[in-house]
Structures are given as structure tokens and as C-alpha cells.
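The structure under discussion appears below in the form of C-alpha cells.
The values are calculated or read from the model by the stated rules, or taken from the named source; none is laboratory data. Bear in mind that the values here come from a model prediction, so they are computed numbers and not experimental data. Cβ coordinates were reconstructed from backbone atoms using ideal geometry, including for glycine residues, and neighbour counts include every protein chain displayed. Surface accessibility is based on the protein's heavy atoms, side chains included, excluding ligands, DNA and RNA. Shrake-Rupley method; radii C 1.70, N 1.55, O 1.52, S 1.80 Å.
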Amino acid sequence: MNSEKIKNSLNISPAIRVGVLGFGGLGQAAAKVVAGKREMILVAAADQKGYAYAAEGLNTEKSVATYQAQGSVGYLEPIGTLTNQSIQDLIEIAEVDGYFLALPNLPNDFIPNVAKEFIKSGWRGVLVDAIKRTTAVEELLAMKEELQAAGITYMTGCGATPGLLTAAAALAAQSYAEIHQVEITFGVGIANWEAYRATVREDIGHMPGYTVEAARAMTDAEVEALLDKTNGVLTLTNMEHADDVMLEVAGIVGRDRVTVGGVVDTRNPKKPLSTNVKVTGRTFEGKISTHTFTLGDETSMAANVCGPAFGYLKAGRQLHQRGIYGIFTAAEIMPQFVR
């Protein structure tokens, strides 16, 4: 088959119009990822203070520069708008096929409440999150019928972990007749923690002696003081992480057999350890074995979160176009590579 026939057989559709909600470190990385894609175009972005929308596409470099200099894409001339209800206002005026919710999971019901805003608005399309906490995903899963009725296809837990590693675990499980253990270990290196304030606070909320509420209430100075005590390193064990409920809902393994932990270095871009998932089980021949899937150390947290998120957005778009609505997890649906 020649190249032209191959191109025609792909049946390439118009670029998917995407929006990014939240424009901190993760949201800015997401914008940069989309900028390199032919199949997607970033048309909308929102933060706490405002939003920017352009049907022909946002200029990623200008959007990031404006946010970093002035604290909001709402200052982006001439297409930015300053508002204290940026998400609601953006939903009303923007023509967007799918949104990536690069939003903090603080408090646990924040992202579920954002989903409710989409339901109330009458908007129809695809929503994708990289949510971490089990309780937050459980709240979203309980909204299945509401999302179906609203014509929304919601893809949850679609970052790195949960997300990429959860999907790898679901695939690796196929070798076994019985799954004994799924163990996820991550290493994250961040050159400047202030670029990922919400993510770092979420991680602090997993530490002994802290709660989500306490971490959310911490000032930047208090976070700095904690990081000074730990030399910038956060060690996390037995986390409340949504990989467990996602693998359980998919029928792969009970959540009590899923463990998640890792190390976050907030002062060094180099990963303190390799990120991997180990799936241990018994084959039909009675053999006990372990599959290990390890991410390359050179891939950043942003690359491993945003890449899968948009792969799941594309998969969700395909489901939505077929009239399949509701909520799905990274353990149930394969992401689609975005060219």
C-alpha cells in the first residue's frame, strides 16, 4: 500500500478542539504537548483569574508567557477575559470538543464539582482528568448516570499513575489466572516546586500527620519550611491512590492488593528513582511470576501525565462520536496515540 492510500485509509478527521482547565505547571506543559500535535488544536485555557479562547487556536508561547508574567491567561490580548468564574464563563462561549482538567485535587470534591458545572451547562463532549485520590474517583464514578444523561464522555485517572501505569497493569494481568499483587513505585523530579504548587500539596496530604485539608491550607512559606526539613524530598508510602479502585472496577484485582508509593524530589529535575509497576500473579500452569513495566528516567512527570491524558481524550472522542457516554477509567479503555 503506497503512502497516499495509507493516508486515506487513516480517515484523518479535522483537528480535535481542546481546552485546558488549570494553567499552572501541568496546564502549561499540556499546552506545549498539544502544540506539537497535528490531530489536536488548543483553543481554550482557563485559570483562577480568567480564560483565553480563540477558535483558530491559541498561541502557546504567548499564553505561557502571559500567565508567567501576569498570573492569568485572562490578560492575553486581545482574546483574554478576566473573571472570577472562568470555567463557567468559558463553557458558555467556547466551542470545544474536549477538556483536559489539569486542576488540583484539593479538596477531594473539587474536580467532581467541576464536572457538575459541565452537566448543568448543557455542554456535550469529552472530559479527561489526571486525578489521583481514590475517594475523588469514587465520587466521579457515582455520577455515571448523570454524565450519560448529559451526553458527556468522562475519562478519569488518565495521567501517569493512575493512568499509564494502571493501563500497563491491566495489560500485564492478562498473563495470569490470578493476580496476587500490583505494586506501583514512582520517582518524580521537579526543578522548581512552585511551578507545581497544587501537585506538591497533594503529595504532602499523603504524608503521615497530614490531611488533604491541612495540605491545602498550608502557605507557600509553610511548604518551604517542610521541604527544608526534608531536604526537598517527599517520601510517600501506602498512598490513597485511585489505581486501586480503577483496577478493582475493571475486575482485575481487589484494591487491597494494590499499593502505591514513591519519592518526589522538589529541588532536582532528575528522578530520584525509576517509575515502575510490578504485577505478580499465578499462571494457569501454576507458576508464580512478576511482570515489570518501567518508564524511562528521561521522561518527565509532565510528559508521562499529559501524553496519556490526550491519548485518552482522543479515545474518549471516538467513544463520544459513537454515542457512548458516561465515565470510563484508564484500566478499561486503551488510549489512542495522537499524531
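Averaging 1/r over every pair of different alpha carbons in the range 81-225 and inverting the result gives a Kirkwood radius of 17.3 Å. Extension gain, Asn268-Ile119: 0.36 nm per intervening residue step, less the Cα-Cα distance, totals 49.6 nm. Using the Cα coordinates of the range 99-183, the gyration tensor eigenvalues translate into equivalent-ellipsoid semi-axes of 27, 14, 11 Å, sorted from longest to shortest.
Springs join every pair of Cα atoms under 10 Å in this Gaussian network model of the chain, and among Ser63, Ser300, Ser13 the largest mean-square fluctuation is at Ser13.
For the range 297-311, 3J(HN,Hα) computed residue by residue from phi via the Karplus equation (6.51, -1.76, 1.60; θ = phi - 60°) reads 5, 6, 7, 7, 4, 4, 5, 7, 8, 6, x, x, 4, 6, x Hz, glycine and proline entered as x.
Testing the spin-label approximation: label points 7 Å from Cα along Cα→Cβ at Thr237 and Leu319. State their distance in nm. The answer from the label model is 3.6 nm. Taking amide H as placed 1.01 Å from N in the peptide plane, Ile327 has its amide H under 5 Å from the amide H of Tyr154, each at least 5 places away in sequence or on another chain.
Surface listing: His320, His291, His241 arranged by accessible area from highest to lowest gives His291, His320, His241, probe 1.4 Å. Taken about its Cα centre, the range 119-205 carries a charge dipole of about 280 debye when Lys and Arg each add +1 at the Cβ and Asp and Glu each add -1 at the Cβ.
At R0 = 56 Å, how high is the FRET efficiency between Ala69 and Ala142 if r is their beta carbon distance? Nearest 0.05 is fine. Computed FRET efficiency for Ala69 and Ala142: 0.85.
A simple charge model with +1 on the Cβ of Lys and Arg, -1 on the Cβ of Asp and Glu and nothing else charged puts the dipole of the chain at about 900 debye relative to its Cα centre.
In loop segments of the range 268-320 as defined by DSSP, the trypsin sites (Lys or Arg not before Pro) with at most 13 further C-beta atoms inside 10 Å of their C-beta are Lys270, Lys287. Rounded to the nearest Hz, the phi-derived 3J(HN,Hα) couplings of the range 276-288 under the Karplus curve 6.51 cos²θ - 1.76 cosθ + 1.60 (θ = phi - 60°) are 7, 10, 10, 10, 10, x, 10, 7, 5, 7, x, 7, 9, where x marks glycine and proline.
Across Gly286, Gly22, Gly232, mean-square fluctuation computed from a Gaussian network of the chain (C-alpha pairs under 10 Å connected) peaks at Gly286. Over the range 177-247, the ratio between the Cα radius of gyration and 2.2 N^0.38 Å evaluates to 1.28.
Using θ = phi - 60° in the Karplus curve 6.51 cos²θ - 1.76 cosθ + 1.60, the 3J(HN,Hα) couplings for the range 38-45 round to 7, 8, 9, 9, 7, 10, 8, 8 Hz; x is entered for Gly and Pro. Modelled spin labels at Phe284 and Ala214, positioned 7 Å past Cα toward Cβ, are 5.0 nm from each other. Between the listed residues Thr134, Thr60, Thr81, the Cα displaced farthest toward the positive end of the dipole of the range 1-149, a dipole computed from Cβ unit charges relative to the Cα centre, is found at Thr60. Would you look at the GNM of the chain, springs on alpha carbons closer than 10 Å, and say which of Ala173, Ala35, Ala55 moves the most? Of Ala173, Ala35, Ala55, the most mobile in the Gaussian network model is Ala55. Protein heavy-atom surface of the chain, 1.4 angstrom probe: 50% of the accessible area is carbon and sulfur, with nucleic acids and ligands not counted.
Restricting the range 198-284 to GluC sites (Glu not before Pro) that sit in a DSSP loop and have at most 10 other Cβ atoms within 10 Å of their own Cβ leaves nothing. Normalising the average separation of contacting C-alpha pairs (under 8 angstrom, six or more residues apart) by the number of residues puts the relative contact order of the chain at 21 percent. Over every Cα atom in the range 1-138, the radius of gyration and the widest Cα-Cα span, Dmax, amount to 16.1, 54 Å. Computed over the alpha carbons of the chain, Rg followed by Dmax gives 19.9, 66 Å.
A DSSP coil position with no more than 14 other Cβ atoms inside 10 Å describes the following chymotrypsin sites (Phe, Trp or Tyr not before Pro) in the range 308-339: Phe337.
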